[in-house]
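**Student:** Got a structure here, written out as structure tokens. Questions coming.
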Amino acid sequence: MSAHFELSETTFLASVTAPGEQESDVVFIPVFEGDDGLVDAPGLDAATGGEVGRARQSGEFRAKFCHHFITPVQSGWRARRVALIGAGRHGDFDAERQRQVAATCAHLSRRVRASRVACVVRGVSDPIAGAQHAADGMSAADFLTATFKKDGDLPGPLPKTVTIVATGADQAGLAGSVRRGRIIGESANVARALANEPANVLTPREFAARASAEGGRSGLTVDVLDEYRLRELGMRLVLAVGQGSAEPPRLVVLRHDPLGASDQPLLALVGKGVTFDTGGVSIKPSEGMDRMKYDMSGGAAVIGAMRAIARLDVPRRVVGIVPMVENMVGSKATRPGDVVAGANGKTVEINNTDAEGRLILADALWYATHLGASHLVDVATLTGSCMVALGNHVSGLMGGPAAWTSEVQTAAERAGDRFWTLPIYREAREQMRSEIADLINTGGRPGGAITAAAFLREFTNGLPWAHIDIAGTAWAEKAEPSQPKGPTGVAVRALIELATSGSYPSPPRAD
């Protein structure tokens, strides 16, 4: 049984002409709350026989975020229907909201079975950048969570063409931005599809095979390390987590080495790839354990980002590293109290086998330094503590030095991912001291997200490093107009933006 995600054949186009000139089944127009006169959509009310004006005047449509109103075109415009999409308050219309509005349009396109759609970019200071977010968002409906359903009330087919409209913009610049947004949206969908797969389908070996295939299609160099190679390299922490499972671990390396790129900087993106997490001997409660199939969302984000980095021809070297394991209960499973040495030689007393993500990331971070990385970023569904602290809409960001974490934060803001920086105080390191080994893998409940980061820092060799905890943001707990319940693809866009346009400071080595 398999439900591979297939990329759609929808054609994305760019248009600089007026909204009324778009030949389409539906033309989507974002509308802001307050005094939005729609002067950049001339003739709209007349084209709908006054229906747009009536709906706005009566309050039937009030431009609330992601609400919509659809009406037929009667004359004057070339589209069959017009859809007003609420954009909320103009001051809140950042990159994330631009993408969410476009994603709402995409899902609505399928529900109304539109074959040709147009999405208008408006209300932004930079329409070229806005077109990227629109194309990204309009790609969202390509992915459905119900991949194993054989019947039921599924949405209609995808549009055959999607036109991103930015009236008066530069045509070449607009077309390039639409292409970039489409690649980013597809890559986020690849990550979402991987995270959506059940654990009996996406085992570590299958995860590695799919990562390898996606990397090969995208022009990346791929290396898959099996359990024997991991043992040769001394990655005993990865092996310790996986040894309770009948499924052997894997570690996938995806390299982007563009011609002419300098050896440094070399950005390493490391993603947690736990294909299912029972908690091991420190077993989790049964309630909600089915969601632990998405404990590989960090790894999926790295794979999606690396796909886009290659297809966008990013002119700097980037390596993606994803350790893949299944954390199971078995006769060979690691026990609480076991001591295991990491690949960098530091010994770890494992007092909780449910704190497994940091163990596999520790060896993977070491391997990144082994490959010559100059800057590190890891992404992981790591701690419930981060979810408690920041909720389900903000990811935690930790690391050092400050110049590097600030660069990651800025890239996330440009890309439309929400990160919030948490400190790693010196006391957090003290919480991770073991009586019998160099480190213990959990420091108790207080500051759990921070102590987890403090543990990971011990394996970064002092390099600039950022840790992104996506435990609360990798999965949407309820459906929204722009996002069905399920995997979100969080951090994919931030990683792409960091690789594409981030700067790489060379400060003194991180504390």
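**Student:** Return yes or no: is Gly372 more than 14 Å from Ile470 (Cβ to Cβ) and in contact with an Asp or Glu (Cβ under 8 Å, 6 or more places away or on another chain)?
**Tutor:** yes
**Student:** Moving on to the next point. With respect to Ala140, determine if the residue is hydrophobic (A, V, I, L, M, F, W, C), under 21 Å from Glu23 (Cα atoms) and in contact (Cβ under 8 Å) with a residue 40 or more places away in the chain.
**Tutor:** Judged against the criteria, Ala140 is not a match.
**Student:** For Pro315, indicate whether it is touching a Pro at 6+ places or on another chain (Cβ under 6 Å), at negative phi, at pLDDT 95 or above and open to solvent by 20 Å² or more (accessible area, probe 1.4 Å).
**Tutor:** Answer is yes for this residue.
**Student:** Next question. Pairs needed: first member in segment 406-430, within 21 Å of Ala301 (Cβ to Cβ) and part of a helix (DSSP H, G or I); second member anywhere, small (Gly, Ala, Ser) and modelled with pLDDT under 95; C-beta distance under 7 Å; at least 6 residues apart or different chains.
**Tutor:** Sorted first by the residue in segment 406-430, then by its partner, the pairs are Glu407/Gly502; Glu407/Ser503; Ala411/Gly502.
**Student:** Still on this structure, I have one more. Checking the conditions here, which among Leu237, Leu233 is in contact (Cβ under 8 Å) with a residue 24 or more places away in the chain, of a type outside the set (Lys, Arg), closer than 19 Å to Ala208 by Cα and surrounded by fewer than 22 Cβ atoms within 10 Å (Cβ to Cβ)?
**Tutor:** Leu233
**Student:** Among the numbered conditions (1) in contact (Cβ under 8 Å) with a residue 40 or more places away in the chain; (2) within 29 Å of Phe93 (Cα to Cα); (3) of a type outside the set (Ser, Thr, Tyr), tell me where Gly400 comes up short.
**Tutor:** (2)
**Student:** A further question on this structure: Could we say that Ala437 is part of a helix (DSSP H, G or I) and either of a type outside the set (D, E, K, R) or more than 19 Å from Arg236 (Cβ to Cβ) (or both) here?
**Tutor:** So Ala437 fails the test.
**Student:** Being over 13 Å from Gly271 (Cβ atoms) and either free of Cβ contacts under 8 Å to residues at least 60 places away in the same chain or in contact with a strand residue (DSSP E or B) (Cβ under 7 Å, 6 or more places away or on another chain) (or both) is the filter here, so list the residues in segment 290-313 that pass it.
**Tutor:** Hits for segment 290-313 are Asp290, Arg291, Met292, Lys293, Ile309, Ala310, Asp313.
**Student:** Out of the residues in segment 33-54 that are surrounded by 17 or more Cβ atoms within 10 Å (Cβ to Cβ) and not acidic (Asp, Glu), state the one that is nearest to Thr17 (Cα to Cα).
**Tutor:** My answer is Ala41.
**Student:** Have a look at Ala479, Ala402, Ala454 and point out the one that is open to solvent by less than 10 Å² (accessible area, probe 1.4 Å) and either under 28 Å from His370 (Cβ atoms) or of a type outside the set (Lys, Arg) (or both).
**Tutor:** Ala454
**Student:** Then there's this: Only one of (1) out of contact with any Asp or Glu (no Cβ under 8 Å at 6 or more places or on another chain); (2) within 30 Å of Val340 (Cα to Cα); (3) outside any helix (DSSP H, G or I) fails for Arg229. Which number is that?
**Tutor:** (3)
**Student:** What number goes with the only condition from (1) small (Gly, Ala, Ser); (2) within 29 Å of Arg236 (Cα to Cα); (3) open to solvent by less than 30 Å² (accessible area, probe 1.4 Å); (4) more than 14 Å from the chain's Cα centre (by Cα) that Ser385 does not pass?
**Tutor:** (3)
**Student:** Next question. Scan segment 191-219 residue by residue and report those that are open to solvent by 10 Å² or more (accessible area, probe 1.4 Å), assigned to a helix (DSSP H, G or I) and hydrophobic (A, V, I, L, M, F, W, C).
**Tutor:** Of everything in segment 191-219, those that are open to solvent by 10 Å² or more (accessible area, probe 1.4 Å), assigned to a helix (DSSP H, G or I) and hydrophobic (A, V, I, L, M, F, W, C) turn out to be Ala193, Leu194, Ala209, Ala213.
**Student:** Which condition number in (1) without any contact (Cβ under 8 Å) to a residue 60 or more places away in the chain; (2) surrounded by fewer than 24 Cβ atoms within 10 Å (Cβ to Cβ); (3) farther than 26 Å from Thr334 by Cβ; (4) not basic (Lys, Arg) is the one that Asp263 fails?
**Tutor:** (1)
**Student:** Could you check segment 338-369 and list, in sequence order, the residues that are open to solvent by less than 40 Å² (accessible area, probe 1.4 Å), assigned to a loop (DSSP other than H, G, I, E, B) and in contact with an Asp or Glu (Cβ under 7 Å, 6 or more places away or on another chain)?
**Tutor:** Gly342, Ala343, Glu356
**Student:** Separate question: Against the definition (among the small types (Gly, Ala, Ser) and modelled with pLDDT of 95 or more), how does Ala449 come out, yes or no?
**Tutor:** Here the answer is yes, as Ala449 does meet what is asked.
**Student:** Among the residues of segment 79-121, how many are assigned to a strand (DSSP E or B), open to solvent by 10 Å² or more (accessible area, probe 1.4 Å) and in contact with a His (Cβ under 9 Å, 6 or more places away or on another chain)?
**Tutor:** Qualifying residue count, segment 79-121: 0.
**Student:** Name, by its number, the condition in (1) assigned to a helix (DSSP H, G or I); (2) of a type outside the set (Asp, Glu); (3) closer than 27 Å to Thr104 by Cα that does not hold for Ala454.
**Tutor:** Only one criterion is unmet by Ala454, namely (3).
**Student:** Here's a follow-up. Can you tell me which residue is nearest to the chain's Cα centre (by Cα) among those in segment 325-337 that are of a type in the set (A, V, I, L, M, F, W, C) and either within 26 Å of Ser212 (Cα to Cα) or assigned to a strand (DSSP E or B) (or both)?
**Tutor:** Val325
**Student:** Can you name the residue in segment 56-67 that is surrounded by fewer than 18 Cβ atoms within 10 Å (Cβ to Cβ) and not hydroxyl-bearing (Ser, Thr, Tyr) and, of all such residues, is farthest from the chain's Cα centre (by Cα)?
**Tutor:** Per the stated criteria, the residue is Gln57.
**Student:** A follow-up question, please. Restricting to segment 271-295, give me the number of residues that are acidic (Asp, Glu) and either at pLDDT below 95 or surrounded by fewer than 20 Cβ atoms within 10 Å (Cβ to Cβ) (or both).
**Tutor:** The qualifying residues number 2.
The values are calculated or read from the model by the stated rules, or taken from the named source; none is laboratory data. Note that this is a predicted model, so its numbers are computed, not measured. Neighbour counts run over all protein chains shown; Cβ positions are idealised from the backbone, glycine included. Keep in mind that these areas ignore ligands, DNA and RNA; they rest on the heavy atoms of the full protein, side chains included. Shrake-Rupley method; radii C 1.70, N 1.55, O 1.52, S 1.80 Å.
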